[in-house]
Amino acid sequence: MSLEDLINSVKKQPGFEKAGAMATFVGVVRGTSVSGKVQMLELQAYEEKADEVLSQICDDLKKKPGIVDVQIHHLVGEFKVGEDLVYVLVAGEHRQQVFPVLEEAVERYKKEAPIFKKELVATGKGEKKSYWTAEGKNGA
């Protein structure tokens, strides 16, 4: 699913006519980490549980005043530097309502969803190393 697909999907939701604002967050592969220059990133998830957690976060946040819809779409697989990893979209009646909910959605998925990343990096000495880490510990 692309960001455009997600936006179009939200616009088709019942009740979207109440929306006056949409805010998005796009997480991308960062080219550097504390371990060196990132060559590639692999994301894996305990998908059934991750889908359940992401759905629960969205459901919780949709209950906030003025919020029309919340969607979180996290990709899995192998990614190059600069490629998209996650889309978070919040639609609401007013912009003042959507920005705090967008930030909360991002912080919650990073802490709560069982998504793991493996970074392949080149160190300053030219060595290639890879390691697994929880999504929330080093961020996307």
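I'm trying to understand the selection: among the residues of segment 97-127, which are under 23 Å from SER55 (Cα atoms) and of a type in the set (S, T, N, Q)?
Our first condition is that a residue be under 23 Å from SER55 (Cα atoms); within segment 97-127, this holds for 97-117.
Hit for segment 97-127 is GLN97, nothing else.
If you check GLU103 against the conditions, is it exposed (fewer than 14 other Cβ atoms within 10 Å of the Cβ), in a helix (DSSP H, G or I) and not aromatic (Phe, Trp, Tyr)?
no
So, restricting to strands (runs of 3 or more DSSP E) that lie completely within segment 21-98, which ones have at least 2 residues that are over 16 Å from the mean Cα position of the chain (by Cα) and more than 24 Å from TYR131 (Cα to Cα)?
Answer list for segment 21-98: 67-74.
In segment 4-20, how many residues are more than 20 Å from ARG108 (Cα to Cα) and under 13 Å from the mean Cα position of the chain (by Cα)?
0
This table checks each residue for (1) more than 17 Å from ILE7 (Cα to Cα); (2) β-branched (Val, Ile, Thr); (3) touching a Gly at 6+ places or on another chain (Cβ under 6 Å); (4) crowded, with 19+ Cβ neighbours inside 10 Å.
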| site | (1), (2), (3), (4) |
| --- | --- |
| THR24 | no, yes, no, no |
| VAL34 | yes, yes, no, no |
| CYS58 | no, no, no, yes |
| VAL81 | yes, yes, yes, no |
| TYR109 | yes, no, no, yes |
| PRO114 | yes, no, no, no |
| GLU119 | yes, no, no, yes |
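Out of the residues in segment 36-53 that are surrounded by 18 or more Cβ atoms within 10 Å (Cβ to Cβ) and at pLDDT 90 or above, which is farthest from LEU85 (Cα to Cα)?
Residues of segment 36-53 that are surrounded by 18 or more Cβ atoms within 10 Å (Cβ to Cβ), as a first pass: 36, 38, 41, 43, 45, 50, 53.
Imposing the further condition that a residue be at pLDDT 90 or above reduces the set to 38, 41, 43, 45, 50, 53.
Numbers: VAL38: 15, LEU41: 10, LEU43: 8, ALA45: 12, ALA50: 14, VAL53: 17 Å.
Within segment 36-53, the match that is farthest from LEU85 (Cα to Cα) is VAL53.
Does VAL121 fit the bill of being more than 20 Å from GLN44 (Cβ to Cβ) and either modelled with pLDDT of 90 or more or part of a helix (DSSP H, G or I) (or both)? It would help to see each step written out before you state the result.
Details: more than 20 Å from GLN44 (Cβ to Cβ): no; either modelled with pLDDT of 90 or more or part of a helix (DSSP H, G or I) (or both): yes.
Spelling it out, it is not the case that VAL121 is more than 20 Å from GLN44 (Cβ to Cβ) and either modelled with pLDDT of 90 or more or part of a helix (DSSP H, G or I) (or both).
With respect to LEU85, is the statement that it is modelled with pLDDT of 95 or more, of a type outside the set (Val, Ile, Thr) and closer than 20 Å to GLN44 by Cβ true?
Details: modelled with pLDDT of 95 or more: yes; of a type outside the set (Val, Ile, Thr): yes; closer than 20 Å to GLN44 by Cβ: yes.
Yes.
If you check every pair at least six apart or on different chains, which have Cβ atoms under 8 Å apart with a residue in segment 10-35 that is within 28 Å of THR123 (Cβ to Cβ) first and a residue that is assigned to a loop (DSSP other than H, G, I, E, B) and of a type outside the set (Gly, Ala, Ser) second?
VAL28/GLU83; VAL29/LYS80; VAL29/VAL81; VAL29/GLU83; ARG30/VAL81; GLY31/VAL81; SER35/THR123
Quick test for you: out of LYS49, LYS62, pick the one residue that is without any contact (Cβ under 8 Å) to a residue 12 or more places away in the chain and not hydroxyl-bearing (Ser, Thr, Tyr).
The unique qualifying residue is LYS62.
If you check ALA21 against the conditions, is it touching a helix residue (DSSP H, G or I) at 6+ places or on another chain (Cβ under 7 Å), of a type in the set (Gly, Ala, Ser) and farther than 19 Å from GLU119 by Cα?
Answer is yes for this residue.
The values are calculated or read from the model by the stated rules, or taken from the named source; none is laboratory data. All values derive from a computational prediction rather than experimental measurement. We place every Cβ from the backbone using ideal geometry, glycine too, and count neighbours over all the protein chains shown.
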